[in-house]
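The values are calculated or read from the model by the stated rules, or taken from the named source; none is laboratory data. Only a predicted model underlies this, so the values are computations on that prediction, with no experimental measurement involved. FYI the Cβ positions are ideal-geometry reconstructions off the backbone, even for glycines, and counts take in every protein chain you see. With ligands, DNA and RNA removed, areas are computed over all heavy atoms of the protein, side chains included. Shrake-Rupley method; radii C 1.70, N 1.55, O 1.52, S 1.80 Å.
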Amino acid sequence: MFVQITKSTRQSGKTYLSYLVRESFRTAEGPRSRTVCNISDLPPPTRDLVAASLKGQAFLPADQVQLHEALDRFLVAIGSARQRGLLKAIIYSRLLFPCAKLFLSHRARGTWLAAACGLDAKESFHEDDLYNAMDQLNGHWVSLEKQLYQHAFTQAVRLVLYDLTSVYFEGQGPEHLARYGHSRDHRSDRPQIILAVATDTEGVPLHLSVLRGNRGDTQTLQGLLHTLRRRFGIQEATFVFDGGMSSRINLQAMSAAGLGYVTRLSAATLQSLIAELALEEQLELGDRQTLMELTHQDKRYVIAGGPWRQQRDQQRRQSRIDKAEAELKRLAAVKRKKVDVQKLASQVGRSLQRLKAHKYFTYHVEEGGKLQWERKEPLIAQEAHQDGWFLLHTNESVQKCSSTEVLSHYKGLLDVEEAFCELKSYLEVRPVYHWRPDRVVNHVRLCFLAYWLSARLGREWRAKGEVPRVLRNLQTIRLGMLKVGPKIHRIVMTEIPKILNKQIQKLGLAALFATPPRQ
């Protein structure tokens with residue numbers, strides 16, 4: 001059935017629109033249609049509802065719309081009912097409109113956030129109340145993380161991806177936690193903390209650790225292994241991590257514990273390994289466009305790469321060389337009244353180090369102060385021969401993990417790393433303004449819970465759209481209250497943008513937007 005809109009003229013000469021519900025069917029004579037009823041006299045909203053229903057759209061009364069078991073089952077033992085509601089509001093706000101606790105009340109105005117969290121419609125979201133709710137997480141995190149793991153993974157996890165990132169502070173940060181270290185945010189001028197996150201292959205997080213900002217990458221892995229085995233019972237798994245954690249001690253400890261690993265080694269290690277290969281194997285590497293597997297000193301390696309990575313390496317090296325030569329020409333052209341040869345040479349060295357091009361040039365300063373340089377062409381040619389390749393190392397056997405699977409595992413880590421960096425920015429974990437250590441940790445944990453929800457949605461919506469983008473677009477749909485005197489007469493919803501209609505239908509969310517919630 002469908003609604004057909006036709007024009008009809010009455011005796012007064014005026015033209016009216018008729019809304020007819022018609023049915024199409026087929027007979028022996030061919031296709032036919034008939035009028036089932038005339039709905040022209042119904043109120044326009046009712047007519048629209050009938051038309052939408054006949055198109056297959058589903059509708060649900062607003063008072064039946066609820067969020068079932070999203071977070072309730074995990075927070076049931078934490079704080080009071082209102083404090084649990086405030087915790088949920090903080091978590092949902094990280095997904096919808098990340099902001100400081102001080103501005104949550106402003107950003108939540110005109111949204112369904114309070115109702116979705118079981119809070120009073122006039123909830124103030126006062127900053128002190130939010131902080132007190134955050135404090136209720138103290139002493140409950142281990143139990144909460146276990147519940148999240150059991151809910152997300154009905155079977156034991158066999159492949160764990162491990163990644164590190166840093167989050168900086170505005171101000172000094174809490175004592176014994178905020179430290180200066182290698183900043184992945186390129187803010188070496190700020191104290192920071194290190195976040196260690198373990199996920200499955202689809203990016204659903206298993207565990208989060210908050211570490212001191214000056215903690216070395218190699219010092220984080222064994223603590224993670226101990227926690228995963230003790231807390232989640234993971235005894236057999238393959239761990240995938242980047243080269244920063246690939247110390248000899250870590251790899252030996254994993255093999256001794258019967259755990260598998262796949263990790264990437266440095267470019268210097270790749271060059272050293274290739275130099276030890278026979279000439280035939282070196283020529284074979286230059287000719288291959290796929291994977292090359294080899295065993296050297298009883299260790300298994302996979303050399304992988306591709307044309308796109310080769311082009312990237314070439315462009316990156318050429319860009320560094322070009323910038324370095326431009327800087328050398330600038331330094332050579334500077335007119336100096338008195339030349340300090342040693343000082344100028346040091347300045348050249350620092351400039352080349354900053355541009356990451358020091359290894360590509362030799363240089364010297366003559367007695368008269370003239371700067372001379374030249375490219376290291378043999379080194380550049382040797383590096384160009386290895387463009388596009390990177391070195392993976394694993395202790396898994398060929399029977400258990402083929403070379404193709406080794407590469408696939410590492411690519412999974414790259415995907416998760418990219419998604420995590422995007423979510424870190426999207427959820428606005430950084431910068432952190434808290435100064436109490438427990439509140440810093442709890443702030444990160446709440447962001448972790450938002451990340452967990454987003455990743456779980458991503459598992460279901462992966463083929464339907466990008467989770468952060470969809471959530472942020474949905475946040476543009478807001479509620480408005482029509483007041484007559486002190487009484488709220490009606491609650492209305494802003495019009496859903498046309499570009500979101502298809503996405504909402506895809507995700508099965510149309511029922512949530514059928515009718516605005518009642519006060």
Considering only residues that are crowded, with 20+ Cβ neighbours inside 10 Å and either without any contact (Cβ under 8 Å) to a residue 24 or more places away in the chain or polar (S, T, N, Q) (or both), which ones fall in the stretch 174-209? P191, Q192, T199
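Condition check: touching a Ser or Thr at 6+ places or on another chain (Cβ under 9 Å) and either part of a helix (DSSP H, G or I) or open to solvent by 20 Å² or more (accessible area, probe 1.4 Å) (or both). Does G171 satisfy that? Don't jump to the end; show me each part of the working.
Numbers: touching a Ser or Thr at 6+ places or on another chain (Cβ under 9 Å): no; either part of a helix (DSSP H, G or I) or open to solvent by 20 Å² or more (accessible area, probe 1.4 Å) (or both): yes.
In short, no.
When the residues of the stretch 124-149 are filtered to those that are more than 24 Å from P205 (Cα to Cα) and in contact (Cβ under 8 Å) with a residue 12 or more places away in the chain, which remaining residue is surrounded by the fewest Cβ atoms within 10 Å (Cβ to Cβ)? Break it down stepwise before answering.
Just the residues of the stretch 124-149 that are more than 24 Å from P205 (Cα to Cα), to begin with: 124-132.
Next, only the ones that are in contact (Cβ under 8 Å) with a residue 12 or more places away in the chain stay: 124-127, 129-132.
On the way: S124: 12, F125: 22, H126: 14, E127: 14, D129: 15, L130: 22, Y131: 16, N132: 15.
In this case the residue turns out to be S124.
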For the stretch 210-222, give me each residue that is open to solvent by 30 Å² or more (accessible area, probe 1.4 Å) and touching a residue at least 24 places away in the same chain (Cβ under 8 Å). V210, R212, N214, R215, D217, T218, Q222
Scan the stretch 364-377 for residues that are over 12 Å from Q342 (Cα atoms) and touching a helix residue (DSSP H, G or I) at 6+ places or on another chain (Cβ under 7 Å) and jot them down. W373, R375, K376
Just for the stretch 223-238: of the residues that are part of a helix (DSSP H, G or I) and open to solvent by less than 60 Å² (accessible area, probe 1.4 Å), which one is farthest from Q172 (Cα to Cα)? F232
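When you check E327 against the structure, is it open to solvent by 70 Å² or more (accessible area, probe 1.4 Å), of a type in the set (D, E) and farther than 22 Å from G243 by Cβ, yes or no?
no
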If you check every pair at least six apart or on different chains, which have Cβ atoms under 8 Å apart with a residue in the stretch 19-31 that is within 14 Å of V50 (Cβ to Cβ) first and a residue that is acidic (D, E) second? none
